[in-house]
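What follows is one structure encoded as structure tokens, with my remarks underneath.
The values are calculated or read from the model by the stated rules, or taken from the named source; none is laboratory data. What you see is a predicted model, and the numbers here were worked out from it, not measured in a lab. Glycine gets a Cβ as well: all are built from the backbone with ideal geometry, and neighbour counts include every protein chain shown. Surface accessibility is based on the protein's heavy atoms, side chains included, excluding ligands, DNA and RNA. Shrake-Rupley method; radii C 1.70, N 1.55, O 1.52, S 1.80 Å.
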Amino acid sequence: MAQTALEDIPEPDRVEGAPHPRDTMQLIGQDAAEAEFLASFTSGRLHHGWLVTGPLGVGKATFAWKLARFLLATPEDGGMFAAPPPETLDIPADHPVARRIASQAEGRLFLLRRAWDEDKKKLKTVISVDDVRRMKSFFSLSSADGGRRVAIVDPADEMNPSAANALLKLLEEPPAGVTLILISHQPFRLLPTIRSRCRELRLGPLGPAAMAQAMAAAGAVVEDPEALAELAGGSVGEAIRLTNLDGIRLYQSMIALFATLPRLDRPRALALAEAGAGRGNEPKFELILTLLDLFLARLARAGTMGYCPPEACPGEAALIARLSPSPLAARTWAELAQTLGLRARRGRAVNLDPAALLMDMLLRIDETAGLLAPR
């Protein structure tokens, strides 16, 4: 069997259409987390384990790689001849450490992520205990220059139970000079003992201005940063996905369709459902599900809170106010949101027709709007 070339192996920690986090030098919108880590470093009491949490796509991996560059490029305490304490985590792109990290040639850095299964020619679904053991072996070797060593676990959520227990032992008895940086989208899924042995840095969602800046840094052109930030929930990763799949225009067409509720425009509904069908359209199918989930969540939130969220497209606020005018309506939409998307995803997992699944969702939304309509 032919060996897969290194350049042909997909990277599980890369967002399609965006630079890899190791190549992103600027972290946008997370000043508080940067300041907290820098304060810990300059105090001389740097923790050996860090848990970087927050919503998917807000820059956690970019932050982890920035921390790795900083730790490996910043000289250790030189006593009376020590340099002044650093005032920023930024390391120039032409620094030797930054160049080695960019070329994946930094010998003091270990990246723990899902491995490539050469037999099945695909990425493994979990981080295994063997992967953690390789990291432990890496730490047991002497550092080339006796300095710090860093490991990034991206994400820690994907460890299987055996891998999690092996990592816990490393956190309980950390090798000298090692800093472990764990990225987690869902920290509640981690062992409580892992969380308790790490210091948490939580990153928040980005606002419209920071979103536009982050998208520009990723090489994407954004026409409506306010709408993009609202639909993406402040997640740059989600914003890139929306941009790649023309998600804002898709959501606009969805809102125009739902404006016909409770007398759903069937031909337009069928056109939307068929947009997510067909071979190769799985990303569009998943995006439509995500946007439907989002719309139902916004209906539920608006009725509960008594006011509409900022508009993600023209006409959305009036539509939400009409469909979810009360807590009772909000509760009905929330109950629908809990089951509708999950049922469609389960149906897709057993190869049911995607167009039929989406059309069923649209008809259920139409039926619910009819039940809530004033008599």
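Taking helices (runs of 4 or more DSSP H) that fall entirely within the stretch 174-279, which contain at least 2 residues that are closer than 16 Å to K60 by Cα? Steps first, answer last, please.
Numbers: elements: 192-196, 208-217, 225-232, 236-244, 247-258, 266-275.
By residue number, 208-217, 236-244.
Within the stretch 91-105, count every residue that is assigned to a loop (DSSP other than H, G, I, E, B) and in contact with a helix residue (DSSP H, G or I) (Cβ under 8 Å, 6 or more places away or on another chain).
Of the residues in the stretch 91-105, the ones assigned to a loop (DSSP other than H, G, I, E, B) are 91-95, 103-105.
Next cut, in contact with a helix residue (DSSP H, G or I) (Cβ under 8 Å, 6 or more places away or on another chain) only: 91-93, 95, 104.
Qualifying residue count, the stretch 91-105: 5.
Looking at L182, L109, which is the one that is in contact (Cβ under 8 Å) with a residue 60 or more places away in the chain and within 26 Å of L27 (Cα to Cα)? Steps first, answer last, please.
Numbers: L109 fails: in contact (Cβ under 8 Å) with a residue 60 or more places away in the chain.
Matching residue, one of L182, L109: L182.
Could you tell me which numbered condition R331 fails, if it satisfies all but one of (1) at positive phi; (2) open to solvent by 50 Å² or more (accessible area, probe 1.4 Å)?
Failing condition for R331: (1).
Those residues that are out of contact with any Phe, Trp or Tyr (no Cβ under 6 Å at 6 or more places or on another chain), under 22 Å from G17 (Cβ atoms) and aliphatic (A, V, I, L, M), I need them from the stretch 255-297; list them, please.
Selection gives A275, L287, I288, L289, L294.
Could you say whether any residue in the stretch 267-275 is buried (at least 21 other Cβ atoms within 10 Å of the Cβ) and within 23 Å of the chain's Cα centre (by Cα)?
no
Please find, among S235, S253, the residue that is among the hydroxyl-bearing types (S, T, Y), open to solvent by less than 40 Å² (accessible area, probe 1.4 Å) and within 27 Å of E335 (Cβ to Cβ). Don't jump to the end; show me each part of the working.
Numbers: S253 fails: open to solvent by less than 40 Å² (accessible area, probe 1.4 Å).
Sole residue among the options that is among the hydroxyl-bearing types (S, T, Y), open to solvent by less than 40 Å² (accessible area, probe 1.4 Å) and within 27 Å of E335 (Cβ to Cβ): S235.
I'd like to verify a number: residues in the stretch 300-312 that are under 27 Å from the mean Cα position of the chain (by Cα), over 9 Å from E230 (Cβ atoms) and open to solvent by less than 10 Å² (accessible area, probe 1.4 Å), how many?
1
What tally of residues in the stretch 51-76 results from selecting those that are among the hydrophobic types (A, V, I, L, M, F, W, C), open to solvent by 10 Å² or more (accessible area, probe 1.4 Å) and assigned to a loop (DSSP other than H, G, I, E, B)?
The number of residues fulfilling the criteria is 1.
With respect to P187, determine if the residue is open to solvent by less than 30 Å² (accessible area, probe 1.4 Å) and not aromatic (F, W, Y).
Values: open to solvent by less than 30 Å² (accessible area, probe 1.4 Å): yes; not aromatic (F, W, Y): yes.
Answer is yes for this residue.
Please tell me if S137 is of a type in the set (S, T, N, Q) and open to solvent by 30 Å² or more (accessible area, probe 1.4 Å). So that I can check it myself, show each step before the final result.
Values: of a type in the set (S, T, N, Q): yes; open to solvent by 30 Å² or more (accessible area, probe 1.4 Å): yes.
Against the criterion (of a type in the set (S, T, N, Q) and open to solvent by 30 Å² or more (accessible area, probe 1.4 Å)), S137 qualifies.
Among the residues of the stretch 153-212, what is the count of those that are on the phi > 0 side of the Ramachandran plot and touching a Pro at 6+ places or on another chain (Cβ under 9 Å)?
Start the filter on the stretch 153-212 by keeping residues that are on the phi > 0 side of the Ramachandran plot, which leaves 177.
This time we only want the ones that are touching a Pro at 6+ places or on another chain (Cβ under 9 Å), so: none.
Result for the stretch 153-212: 0.
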